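Peer 1: Got a structure for you, written out below as structure tokens; questions coming shortly.
The values are calculated or read from the model by the stated rules, or taken from the named source; none is laboratory data. What you see is a predicted model, and the numbers here were worked out from it, not measured in a lab. Because the Cβ atoms are built from the backbone with ideal geometry, glycine has one as well, and the counts that use them run over all protein chains shown.
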Amino acid sequence: NAGVTQTPKFQVLKTGQSMTLQCAQDMNHEYMSWYRQDPGMGLRLIHYSVGAGITDQGEVPNGYNVSRSTTEDFPLRLLSAAPSQTSVYFCASRLPSGETQYFGPGTRLLVL
Amino acid sequence: KQEVTQILAALSVPEGENLVLNCSFTDSAIYNLQWFRQDPGKGLTSLLLIQSSQREQTSGRLNASLDKSSGRSTLYIAASQPGDSATYLCAVRPQRGTYKYIFGTGTRLKVLA
């Protein structure tokens, strides 16, 4: 199993540009989520999904969109990038009955 | 509002030392608490999970304890090794029905050979 994979590893954007961060898992996990990690603030939940077609907002959802058309994929879209979205983004997945979250390696995003 | 704090931002110890990392939380009504390890440039790896009804969990040289009444958890690492160098984060799941986990900011550990 590849586990949770994320692409790209690193991205530079200009303010106002849009992009999609990709996340995929091959463990058949129904639950998937996106976090951002900023210095001194810990990980904060952006959006999460409890299954294909079902998504909900987390703690800091503004400026981000998600959709979940398959169990495997959970892309995160930045509609109009802002410097405040400079961060490291992590995708995670787990089974509904399980407590262990499996994290991807992260995407480092710099918005100029 | 639940807040999770790891006051110690960084710690350096010589190889072989036993050490304790601390995590505190403001609301004792938690569903569970997890300790994670994060290596530089990598994602998080779950180390230990303690359910609210448990007092401690052990895995190899790691032991995590939970004291809900005082809002504290500790991660004990025995006989530390250079390979233990990483950032250690704790996270609280407030309720069973919620997906949300609240993370501390982490303690960066360096074990010197």
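Peer 1: In the stretch B:3-59, which residues are under 18 Å from B:TYR76 (Cβ atoms) and in a loop (DSSP other than H, G, I, E, B)?
Peer 2: Residues satisfying the conditions are B:GLN6, B:ILE7, B:LEU8, B:GLU15, B:GLY16, B:GLU17, B:ASN18, B:GLN54, B:ARG55.
Peer 1: While we're here: Quick check: is even one residue across the stretch B:31-52 over 26 Å from A:PHE10 (Cα atoms) and either more than 12 Å from chain A (Cβ to nearest Cβ) or free of Cβ contacts under 8 Å to residues at least 12 places away in the same chain (or both)?
Peer 2: no
Peer 1: If you don't mind, another one. Please indicate, with yes or no, whether at least one residue in the stretch A:68-83 is basic (Lys, Arg), in contact (Cβ under 8 Å) with a residue 60 or more places away in the chain and within 14 Å of another protein chain (Cβ to nearest Cβ).
Peer 2: The answer is no, given that none of the residues of the stretch A:68-83 is basic (Lys, Arg), in contact (Cβ under 8 Å) with a residue 60 or more places away in the chain and within 14 Å of another protein chain (Cβ to nearest Cβ).
Peer 1: Continuing with the same structure: Could you please find all residues in the stretch A:1-22 being within 11 Å of chain B (Cβ to nearest Cβ) and either over 17 Å from B:LYS42 (Cα atoms) or at pLDDT 95 or above (or both)?
Peer 2: Passing the criteria: A:VAL4, A:THR5, A:GLN6, A:LYS9, A:PHE10.
Peer 1: Select from the stretch B:51-85 the residues that are buried (at least 20 other Cβ atoms within 10 Å of the Cβ) and hydrophobic (A, V, I, L, M, F, W, C) and write down the one among them that is nearest to the chain's Cα centre (by Cα).
Peer 2: The qualifying residue nearest to the chain's Cα centre (by Cα) is B:LEU75.
Peer 1: Still on this structure, please answer the following. Can you find a residue in the stretch B:75-84 that is in contact with a Cys (Cβ under 9 Å, 6 or more places away or on another chain) and more than 14 Å from chain A (Cβ to nearest Cβ)?
Peer 2: Yes, the stretch B:75-84 contains at least one residue that is in contact with a Cys (Cβ under 9 Å, 6 or more places away or on another chain) and more than 14 Å from chain A (Cβ to nearest Cβ).
Peer 1: I'd like to know if the stretch B:42-50 contains one or more residues that are modelled with pLDDT of 95 or more and of a type in the set (Lys, Arg).
Peer 2: Scanning the stretch B:42-50 turns up no residue that is modelled with pLDDT of 95 or more and of a type in the set (Lys, Arg).
Peer 1: State the number of residues belonging to the stretch B:1-29 that are closer than 15 Å to B:ARG72 by Cβ and under 15 Å from the mean Cα position of the chain (by Cα). Break it down into steps so the answer makes sense when it comes.
Peer 2: Filtering the stretch B:1-29 down to residues closer than 15 Å to B:ARG72 by Cβ leaves B:2-8, B:20-29.
Then drop every residue that is not under 15 Å from the mean Cα position of the chain (by Cα), which leaves B:3-8, B:20-25.
Final tally of qualifying residues: 12.
Yes/no matrix, rows are residues, columns are (1) charged (D, E, K, R); (2) at negative phi; (3) surrounded by 19 or more Cβ atoms within 10 Å (Cβ to Cβ):
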position	(1), (2), (3)
A:GLU59	yes, yes, no
A:TYR64	no, yes, yes
A:GLU72	yes, yes, no
A:TYR89	no, yes, yes
A:ARG94	yes, yes, yes
A:GLY98	no, yes, no
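Peer 1: Criterion first (in a strand (DSSP E or B) and under 23 Å from B:THR87 (Cα atoms)) does A:LEU45 satisfy it?
Peer 2: It is true that A:LEU45 is in a strand (DSSP E or B) and under 23 Å from B:THR87 (Cα atoms).
Peer 1: Looking for whichever is in contact with a Ser or Thr (Cβ under 8 Å, 6 or more places away or on another chain), assigned to a loop (DSSP other than H, G, I, E, B) and crowded, with 16+ Cβ neighbours inside 10 Å here; the options are A:ARG36, A:ARG68. Which one fits?
Peer 2: Exactly one of A:ARG36, A:ARG68 is in contact with a Ser or Thr (Cβ under 8 Å, 6 or more places away or on another chain), assigned to a loop (DSSP other than H, G, I, E, B) and crowded, with 16+ Cβ neighbours inside 10 Å, namely A:ARG68.
Peer 1: Turning to a different aspect of this structure: Run down B:ASN63, B:ASN22 and say which single residue is polar (S, T, N, Q) and touching a residue at least 40 places away in the same chain (Cβ under 8 Å).
Peer 2: B:ASN22
Peer 1: What number of residues within the stretch A:23-45 are within 19 Å of A:ARG94 (Cβ to Cβ) and either away from chain B (no Cβ under 12 Å) or touching a residue at least 40 places away in the same chain (Cβ under 8 Å) (or both)? Write out each step before concluding.
Peer 2: First, pick out the residues of the stretch A:23-45 that are within 19 Å of A:ARG94 (Cβ to Cβ): A:23-37, A:42-45.
Those left that are additionally either away from chain B (no Cβ under 12 Å) or touching a residue at least 40 places away in the same chain (Cβ under 8 Å) (or both): A:23-37, A:43.
Of the residues in the stretch A:23-45, 16 are within 19 Å of A:ARG94 (Cβ to Cβ) and either away from chain B (no Cβ under 12 Å) or touching a residue at least 40 places away in the same chain (Cβ under 8 Å) (or both).
Peer 1: If you take just the strands (runs of 3 or more DSSP E) that sit entirely in the stretch B:68-113, which of them hold at least 1 residues that are modelled with pLDDT of 95 or more and within 14 Å of B:ILE50 (Cβ to Cβ)?
Peer 2: Where strands (runs of 3 or more DSSP E) fall fully within the stretch B:68-113 and carry at least 1 residues being modelled with pLDDT of 95 or more and within 14 Å of B:ILE50 (Cβ to Cβ), they are B:72-77, B:86-93.
Peer 1: Now a separate question. Restricting the search to the stretch A:72-97, which residues are modelled with pLDDT of 95 or more and in a loop (DSSP other than H, G, I, E, B)?
Peer 2: Passing the criteria: A:GLU72, A:PHE74, A:PRO75, A:SER80, A:ALA81, A:ALA82, A:THR86.
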